[in-house]
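*Asks:* Please see the structure below; I have some questions.
Just so it is clear, none of the values below were taken in a lab; they were calculated from the coordinates. The shown structure was predicted, so the numbers you read here are calculated from the model rather than taken from an experiment. Here Cβ is always computed from backbone atoms with ideal geometry, including for glycine, and neighbour counts include all displayed protein chains.
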Amino acid sequence: VFHLCTLGAVLTLPVYDILLKLTHFYYRRSLQVAFFHDGRDVDISDVARCSYCPHLLLGAVVNDYRKPDEDKLLTDFTLATTYMGCPRTGFFPTDPQSRLGYLMTISAAAPDTFMLTKFDVLPIRFLLSVLSLRLGDFVRLEPDGPMAVQVGSAVRRIGEATSSFGAPFHNVQRTERKAQHLAQRILDRALVACPFILCHLLLVFGQQFDGRGDCLAYSVILQAGLAGFLAV
């Protein structure tokens, strides 16, 4: 039973984040269809460069993060065109690759705020996850790391080499930003998955050292599932 449960958990790791945010994705799509031209989302950097668009200030709430000297769990958090943050977390530049619909969905994550404000207990958090009622999401505050920047620069150089054959330069820049954003996302996910990989490797090695010899297929499937988790 332990092996089956562990194997099932690992195989669902690549889609675990999606399963937890089904309502988030549905609500985000609904906002895009209702408020965006042709239902197409835009980068927040495009909004900042548009002279006809006002400076956007979206209200949100931070939970599960507070300093040791603070008693209040929740605090206001501002999502703006150029900066985001609050006095508790500090203020950081908004990621140019952030999608406006994504930020709007986080700003409208009322069920999370209401439930965690009124009933901040473990069963409520469990139900929010099981029923996929988490409209909010994690927002990266730090700038992209040097490795992600190097990946983006490499993609830009390749794009510049091919731009002489007709590829517009602004498309090269957009591709660079997307590659850098994707690389940072994979690195962030890898950081989260490292403890899982270490624990399961120790488990597999322990079984092999016990001389059972029946965990080879289990270990292969386990590592394949973890590799899929890293890729997603």
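*Asks:* 7 Å from Cα along Cα→Cβ at both Ser153 and Lys178: what's the point-to-point distance in nm?
*Replies:* 2.3 nm
*Asks:* Ranked by Cβ crowding within 10 angstrom, fewest neighbours first, how are Leu187, Leu128 ordered?
*Replies:* By the 10 Å Cβ count, ascending: Leu187, Leu128.
*Asks:* At 0.36 nm per residue, minus the direct Cα-Cα distance, what do Tyr52 and Glu142 gain on full extension? Give it in nm, one decimal, please.
*Replies:* Details: separation 90, 0.36 × 90 = 32.40 nm, distance 2.89 nm.
Working it through step by step, the gained length comes to 29.5 nm.
*Asks:* For the pair Ile186 and Ala110, what calculated FRET efficiency results from E = 1/(1 + (r/R0)^6), where r is the Cβ-Cβ distance and R0 = 41 Å, to the nearest 0.05? Numbers along the way, then the final one.
*Replies:* On the way: r = 31 Å, r/R0 = 0.76.
It comes to 0.85.
*Asks:* Sticking with this one: When a footprinting reagent is the concern and you count Cβ atoms within 10 Å, what order do Lys72, Lys21 take, fewest first? Before the final figure, lay out the partial values.
*Replies:* Values: Lys72 7, Lys21 20.
Arranged by neighbour count, lowest to highest, Lys72, Lys21 become Lys72, Lys21.
*Asks:* Evaluate E = 1/(1 + (r/R0)^6) for Phe92 and Phe36, where r is the Cβ-Cβ distance and R0 equals 25 Å; express this FRET efficiency to the nearest 0.05.
*Replies:* On the way: r = 25 Å, r/R0 = 1.01.
My answer for the efficiency is 0.50.
*Asks:* Here is a follow-up. Separation between the Val121 and Thr82 pseudo-spin-labels, each 7 Å from Cα along Cα→Cβ, expressed in nm?
*Replies:* My value for the distance between the label points is 4.7 nm.
*Asks:* If we sort 99-112, 76-89 on the protection proxy, mean other Cβ atoms within 10 Å, highest first, what's the order?
*Replies:* On the way: 99-112: 19.6, 76-89: 16.1.
Going by the mean number of other Cβ atoms within 10 Å, highest first, we get 99-112, 76-89.
*Asks:* Among all the lysines, which ones have a C-alpha under 22 Å from Lys118's C-alpha, if same-chain residues fewer than 8 places away are not counted?
*Replies:* Answer for Lys118, where 22 Å is the Cα cut-off: Lys21, Lys67, Lys72, listed by chain and number.
*Asks:* Report P(r) for the range 22-136: all Cα-Cα distances, bin width 5 Å, range 0 to the bin holding the largest distance, values in whole percent.
*Replies:* Reading the bins upward from 0: 2, 11, 18, 20, 19, 15, 9, 4, 1, 0.
*Asks:* Taking other Cβ within 10 Å of each residue's Cβ, how do Asp41, Asp64, Asp95 sort, fewest first? Intermediate results must be reported in sequence, preceding the final value.
*Replies:* On the way: Asp41 14, Asp64 11, Asp95 21.
The fewest-first ordering by Cβ neighbours comes to Asp64, Asp41, Asp95.
*Asks:* Also: Post the alpha-carbon centroid distance, the range 83-97 to the range 19-64, in whole angstrom.
*Replies:* First find each Cα centre; the distance between them is then 16 Å.
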